[in-house]
Structures are given as C-alpha cells and as structure tokens.
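The values are calculated or read from the model by the stated rules, or taken from the named source; none is laboratory data. None of these values were measured; they are calculated from a predicted model. Counting neighbours? That spans all protein chains shown, and the Cβs are built from the backbone with ideal geometry, glycine included.
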Amino acid sequence: MIVTCSFLASCTTSQRLTAAASTKGRIEAGVMLPELVADCRIEEPHAALAAGSELRSVLIRERSALDRANGRVTRCAGFYDDLKTKFKAG
C-alpha cells in the first residue's frame with residue numbers, strides 16, 4: 001500500500017511539472033503577429049524629372065506621390081493600432 005501512495009504522489013508531481021512546463025513554453029513563445037499588409041511594404045517613387053519639364057508640374061506630381069505615401073502610412077498605422085487594441089482586450 002505504501003508503494004501505491006508513493007506512485008500516486010509521483011504521478012501528481014509529474015502532472016504539475018508538465019503543466020508548469022507547458023505554461024512556461026506558452027509564455028516564452030510570445031505572440032505570433034500576422035503578416036504585415038502588403039500595401040505597407042510598397043515604396044512610393046519620386047515624380048519623374050524629365051529634361052524640359054515644367055517645374056510646377058513636377059511639384060504637383062511629387063505632392064501627389066507624397067499624399068499616396070502618407071495615406072499608406074496612415075493605413076498601416078491603423079492596422080497595427082487595431083491589432084494592439086485587440087491584444088490588450090484579449
């Protein structure tokens with residue numbers, strides 16, 4: 001009968017160790033973030049500067065490129081702000 005108690009105590013300890021190791025593993029694994037939205041990796045090129053181009057038209061095209069780039073930054077920041085909010089809530 002003493003052997004049986006010893007065996008059961010050992011089994012309980014083993015289960016607790018396994019549970020603790022599993023919890024430690026989940027904590028150390030951290031959080032797997034989703035892939036960054038493909039749009040966030042696109043670089044906006046500068047407006048083409050052709051010889052003889054009117055400077056004003058180049059400036060207008062460059063400002064349009066900047067507007068597109070700023071819009072992309074806003075979308076990407078929104079994506080991660082939303083993700084951060086979800087992790088805090090969950």
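Between residues in the stretch 31-54 that are not assigned by TED's automatic domain parsing to the domain that holds G71 and residues that are of a type in the set (K, R) and not in a loop (DSSP other than H, G, I, E, B), which pairs lie under 7 Å by C-beta distance while being six or more apart or on different chains?
So the pair list comes out empty.
Taking the condition of being under 14 Å from the mean Cα position of the chain (by Cα) and farther than 29 Å from A65 by Cα, how many residues in the stretch 19-46 meet it?
Number satisfying all stated conditions: 4.
Just give me the residues in the stretch 43-88 being under 18 Å from L33 (Cβ atoms) and hydroxyl-bearing (S, T, Y), in sequence order.
Y80, T85, listed by residue number.
Among what's in the stretch 17-71 and is touching an Asp or Glu at 6+ places or on another chain (Cβ under 7 Å) and not in a helix (DSSP H, G or I), pick the residue that is surrounded by the fewest Cβ atoms within 10 Å (Cβ to Cβ). Before you say what the answer is, go through the steps one by one.
Pass one, the stretch 17-71, residues touching an Asp or Glu at 6+ places or on another chain (Cβ under 7 Å): 46-47, 65, 68-69.
Pick out the ones that are also not in a helix (DSSP H, G or I) and you get 46-47.
Numbers: H46: 10, A47: 17.
Only one residue fits best here, namely H46.
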